[in-house]
Each structure stands twice: as C-alpha cells, then as structure tokens.
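Nothing in this text is a laboratory measurement; each read-out follows from the coordinates by a stated rule. All figures in this text were calculated on a predicted structure; none of them were measured in a lab. Here Cβ is always computed from backbone atoms with ideal geometry, including for glycine, and neighbour counts include all displayed protein chains.
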Amino acid sequence: MSTPVDGVEVLGALSPSRAGDFLTCPLMYRFRTIDRIPEEPSADATRGTVVHKVLEDLFDLPAEQRTPDRAADMIVPAWEALLAAAPELEGLFGDDGASVTEWLASCRDVLARYFTLEDPRRLEPAERELYVEALLDSRLLLRGFIDRVDVAPDGRVRVVDYKTGRSPKPGFEARALFQMKFYALVVWRLRGVVPTVLQLVYLGNGEILRYEPDEADLEATQRKVEAVWAAIRRAEAAGEWLPSPSRLCDWCSFRSLCPEFGGTPPPLPGAGADSASGAAGDLDTDEGPTAT
C-alpha cells in the first residue's frame, strides 16, 4: 500500500513518536499503529496537552503580558476547550472535584517552572506547533509537529520541544535526542538549513538539554530512520511484532494484551485494513509515558 504525495508514490510515513515506539517495543508499535487500539487517557498525558496549549497561546499575547500569572489564568480555559474537543476526558477524574483541583494546581506548577527557564517576553518564535514533512529519496515520508521554531536575525534556527516530565538521567538522553534529530533532519531536507540548536525544555524538573547538530549527525539520523523503516517492513512481511520488555512496561497501556504479562494479542487486521506501510505516519499529538 502506498500514498501519493505531490505525484510521488510514497512507501510509507513515519513520525518520531512512531519510530520511537518501534525502537522501544515492536509490539507496542503494532498495537498503536496497525491495530489502533484505543488507550485510556492519563492525567500526565492530559497535563502535557494542556500545558503545551498554554505555551502555544502565550505567544499570541503582547510581550509584556507573557507573565506567570497570565499563563496560570489560561490553564482552566485550555482544559475546558480540551474537554469540549475530547468528551472522553470527562471520566478522567470521575466525580472527584478535589482531584481535578489538585491536577490543575500541578499544571500551574509546571507552567511556573517554565518561567524559571525562559523569559517569553524576550522571545518572538517564528513558528509554533509547526507541521513539517519531508520526502526522502527512498520515498519514505517523515512528518510531525514541532513545538516551537526560533529564527535569529542572522538566520540561525533553534528547534524547541517542551516536555512536561523530568529530564533523562545522564546516559539516557539518546531517545529524546533522536526525536530532536528527526525534526532537525526534516527541517534540513525541507529548508536546506541545518538547525543550529536543538533544545529540549524539561518542565518536570526545570532543566534544558541542548544539542548542536551538524550535517554528519543528520545524515546518520537519516540512515537510522530508514533502517527503522526497513525493520518495520520486515516485521510486517513476517507478521512478527515481538515484545521488548523494559522498565517502560510499567507505563504501557497494552500489558493485558502482551505475552510477556500473560496476555494474547488480537489477530492482525485483515488485508483490507491499514498496513504498517500505509498507517505508520501517525502524527505526534502527545508526549507519551517517557515525557510526562
């Protein structure tokens, strides 16, 4: 199955989240991308969505109004708008008003921490929640949403991603940097400019991770992405999506279906359903368990 994009028969599409899913656990990738099994909403992931929305909308305000108090005032409207768009979140806290109040307070704490890391009154992002896509020579389409792109007067580009969780421990930054290098690769292929800085803003513990890529980095990232895609296609052809147990299993929504925990995966969708080659392009709409 292929998808035409600008006259080219694309072999498939891949986002950094779905590539990260496969690298973490091929079976989890299958459940999310091929079976499309619904996942129960979580308070952590929902907090990430609300905080991201506030940080996006904050820059619609005049610079002098981008203050901690104004950001805090934007939380409840953002939550109410999310509820209107996703009514299934109504059951997230049940009828426990105290839990909702406590959760909203946690959103305010996360946002307050942002202001200890950056002063948004001194920033004018070029793009926010920017959808990007780039077609590689291999006919693999890379795509996703970038939280923020800053462009300096001299043309230097900074790619920024917000994480509402804690920063990874030393030696465990590879997955987060892979996501950012993926975005940088797409920007490079799309605009012909290698981003100067990749910046991960961790609001869970108030740290910033920065990385300065070069063309060699991004060429290596492209090779890795294409290798991931080749591995996905092999798994699809064989019908084998093997679990990869790790500490991340503690946060997995699919434990009841996983053989590692005594579960049984459902039969693979039939030939009429979306295959991995056609469905693998789910966009990054949330941060996932490792980022919250």
### Extreme residue, positive dipole direction of region 123-187, given options 182, 135, 168 (C-beta unit charges)
168
### Message
Explain nothing, just the number: relative contact order of the chain, from Cα pairs under 8 Å at least 6 residues apart, as a whole percent.
### Response
29
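Roughly what % antiparallel, to the nearest 5, for the DSSP beta bridges in the chain?
Working: 20 of 29 bridges.
The antiparallel fraction comes to roughly 70 percent.
So between residue 8 and residue 93, what do we pick up on full extension, going 0.36 nm a residue minus the alpha carbon distance? Walk me through the numbers on the way to the answer.
Values: separation 85, 0.36 × 85 = 30.60 nm, distance 4.63 nm.
Gain on extension, residue 8 to residue 93, equals 26.0 nm.
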### Task
For the chain, build the charge dipole from Cβ charges (+1 Lys, Arg; -1 Asp, Glu) around the Cα centre, then report which of 74, 125, 87 sits farthest towards its positive end.
125
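Loop-only chymotrypsin sites (Phe, Trp or Tyr not before Pro) in region 105-211, please: DSSP not H, G, I, E or B, and at most 12 other Cβ atoms within 10 Å. List each step's numbers first, then the result.
Working: sites: 114, 115, 131, 145, 162, 172, 178, 182, 183, 188, 202, 211; in loops: 115, 172.
Listed in order of number, the matching sites are 172.
Which of the helices in the chain meet the span-like rule: DSSP H, Cα axial reach of 30 Å or more, Kyte-Doolittle mean at least -0.5? Working shown, then result.
On the way: long enough: 215-238 (34 Å, -0.37).
What comes out of the filter, once short or polar helices are dropped, is 215-238.
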### Query
What is the dipole size for the chain, taken about its Cα centre, with +1 at each Lys and Arg Cβ and -1 at each Asp and Glu Cβ, in debye to the nearest 20?
760
#### Entry: Nearby lysines by direct alpha-carbon distance to residue 224 (threshold 29 angstrom, same-chain neighbours under 8 apart not counted)
163, 169, 181
### Message
With +1 on the Cβ of every Lys and Arg and -1 on the Cβ of every Asp and Glu, and nothing else charged, how large is the dipole of region 126-197 about its Cα centre, in debye rounded to the nearest 20?
### Response
240
